[in-house]
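Structure first, then comments.
The values are calculated or read from the model by the stated rules, or taken from the named source; none is laboratory data. Bear in mind the structure is a predicted one, so any value in this text is a computation, not a measurement. Note: ideal-geometry Cβ built from the backbone for every residue, glycine included; neighbour counts use all protein chains shown. Calculation scope for accessible area: heavy atoms of the full protein, side chains included, ligands and nucleic acids excluded. Shrake-Rupley method; radii C 1.70, N 1.55, O 1.52, S 1.80 Å.
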Amino acid sequence: VDVDTATLTAIRTEDFETDGQGTRYTASTPFSSTANDHWNRTDGTDISNISGAYSSFSGTYFWATEDTDYGASSAAANDIQTLDITGISITGASALQFRGLFGAGNERGAGASAYDSVDYIKVQAQIDGGGYSDVIWFAYLKEGRPSNDYTNEPLGVDRDFDGKADSADDLLGIALQPYVASISGTGNTLDIKISVHMEYGSEEIAFDNIQVL
């Protein structure tokens, strides 16, 4: 789902065209062990997807991951990787919006994809250090599936934050799509956190052109 952002002003944009680790953003330790085990900025040439190469990203580089728990020395022990964009000045700004491009590398469909009930992309925001609130999630597709089925499903947008994709009609694929969501509140400083849990191979996601409008 996208909205008309033509009349909004971009306060901050991160497109990963250059390496911003430690300056423009802080990611949990990036790694690229194999084409199927990675959490890093990439141009796509060093990774491999089930359903083909990513497309429709912005510029040459984007952020992608698969198998977030790979390598005990480099990946988070709880399988969660994070990317933080902090200290964004929002003084005098109102009607804040988050916008980003999101995709998934596995399009095998219901019952044949790899995303499970524990997998997610979560975008959260906090203003003036007041604590993080949910902005937009992406989770596995439960709609139309057996009640005891919690594995091997597509990944889709989850705007009600219940850990399940909202609809079989709005799923992620290898062509990255724009998603927009409101950020509640006003203040002086905004922090954005993107958290990802993709603990096995074939659980592939990507994001790019992260914006605050």
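What do you reckon, is Asn36 open to solvent by 20 Å² or more (accessible area, probe 1.4 Å), within 14 Å of Ile205 (Cα to Cα) and out of contact with any helix residue (DSSP H, G or I) (no Cβ under 6 Å at 6 or more places or on another chain)?
Answer is yes for this residue.
Val180 versus (1) crowded, with 20+ Cβ neighbours inside 10 Å; (2) within 20 Å of Ile210 (Cβ to Cβ); (3) among the aliphatic types (A, V, I, L, M): which is the lone unmet condition?
(1)
Given the criterion farther than 23 Å from Pro178 by Cβ and either exposed (fewer than 15 other Cβ atoms within 10 Å of the Cβ) or among the β-branched types (Val, Ile, Thr) (or both), identify the matching residue among Thr18, Thr82, Thr65, Thr45.
Thr45
Residues of region 23-33 being within 19 Å of Asp191 (Cβ to Cβ) and open to solvent by 60 Å² or more (accessible area, probe 1.4 Å), which ones?
Correct list: Thr23, Arg24, Thr26.
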